[in-house]
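In what follows, a structure is listed as structure tokens, so that the remarks can point back to it.
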Amino acid sequence: LLWPNVTKAWDEKRYQDSFYSLLDYINPSLRSKYGNTSQTEFTVPHGSVVVDIKIQNHEVNIACALVDSTEAIRIPLLRKIAEVNFYPLVLAQIKLKANQLTFHYSTTLDTCEPFKMYYVLKEICSTADRYDDELREKFKTKHLVEPKVVYPSPDVTTGAWNTVNDIINETFQYQTYFDSQRWFGSSLDFLMIALKRIDLCLQT
């Protein structure tokens with residue numbers, strides 16, 4: 001129900017309201033939780049990076065520090081960044097400044113078309129998720145923001161471990177039976193169901 005608010009405000013040329021509604025669509029608590037009192041700056045954590053969004057002088061500026069390259073293997077690192085700037089990045093670009101590699105994107109409010117801005121933010125976050133660990137492992141970069149990991153309690157961990165093992169054991173029993181009957185299609189179906197069950201178990 002939130003997306004129609006985004007496009008309605010855009011069609012009515014209420015560009016800042018449209019952008020606010022887009023942030024609400026992404027996360028209804030984003031503005032209240034990560035924005036300043038004037039709603040002109042938003043500092044949004046995302047894994048091992050932080051996305052900074054600023055609205056100033058009728059412009060939207062998005063920056064996201066990716067990694068520190070101070071002690072990195074520089075030439076192959078920068079070659080890789082140049083490659084990433086061609087693909088998969090389409091809208092945002094990674095720039096080097098003061099040994100920091102940072103995503104940048106700037107535009108005026110009246111060109112913040114909702115679909116475009118959604119994909120700008122998605123592009124930055126998904127690319128950061130994909131490459132931050134690779135850059136650290138291959139080129140010796142360092143994270144600028146250490147991810148905050150909250151580990152589950154021992155009871156939850158034990159329960160998840162037992163449930164996953166029950167799913168695996170049950171799957172092997174059914175697969176043995178299906179294979180003995182030469183019901184290979186059913187065997188594959190049950191395997192796919194088991195993977196979905198494990199995925200759901202680990203999420204909850």
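Tabulated results
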read-out	value
Relative contact order of the chain, defined on C-alpha pairs under 8 angstrom at six or more residues apart (%)	18 percent
Span-like helix ranges in the chain, DSSP H, alpha carbon extent 24 angstrom or more, Kyte mean at least 0.5	184-203
Pairs of Lys in region 120-204 closer than 24 Å at Cα, counting only those 8 or more apart or on different chains	4
Residues with amide H under 5 Å from that of GLN93, placed H, sequence gap 5 or more	HIS104
Estimated dipole of the chain in Debye, rounded to 20 [Cβ of Lys and Arg +1, of Asp and Glu -1, Cα centre]	500 debye
Region 138-204: relative contact order in percent, alpha carbon pairs under 8 Å with at least 6 residues between	33 percent
Accessible surface of region 57-122 [probe 1.4 Å, protein heavy atoms]: carbon and sulfur percent	57 percent
GNM flexibility winner over the chain from ALA72, ALA98, ALA160 (Cα, springs under 10 Å)	ALA160
Region 61-191 - convex hull of the alpha-carbon atoms, volume per residue in Å³	200 Å³
Region 40-136: mean projected area of Cα convex hull, nm²	6.2 nm²
Estimated inter-spin distance, PHE115 and ASN169, nm [label 7 Å along Cα→Cβ]	5.2 nm
Within region 43-157: Cβ-based charge dipole about Cα centre, in debye rounded to nearest 20 (Lys, Arg +1; Asp, Glu -1)	380 debye
Summed residue charge, Cβ within 14 Å of THR70's Cβ, Lys/Arg positive, Asp/Glu negative	+3
Estimated inter-spin distance, ASP179 and ASN162, nm [label 7 Å along Cα→Cβ]	2.9 nm
Accessible surface, 1.4 Å probe, highest first, among residues TRP183, TRP161	TRP161, TRP183
Positive dipole terminus of the chain, leading residue within ASN165, ILE124, SER18 (C-beta point charges)	ILE124
Dipole of the chain, positive direction: furthest Cα of HIS104, VAL149, GLN175, with charges on the beta-carbon	HIS104
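The values are calculated or read from the model by the stated rules, or taken from the named source; none is laboratory data. Model, not experiment: these values are computed from the prediction. Methodologically, a virtual Cβ is constructed for each residue, glycine included, from the backbone with ideal geometry; neighbour enumeration extends over all protein chains shown. Keep in mind that these areas ignore ligands, DNA and RNA; they rest on the heavy atoms of the full protein, side chains included. Shrake-Rupley method; radii C 1.70, N 1.55, O 1.52, S 1.80 Å.
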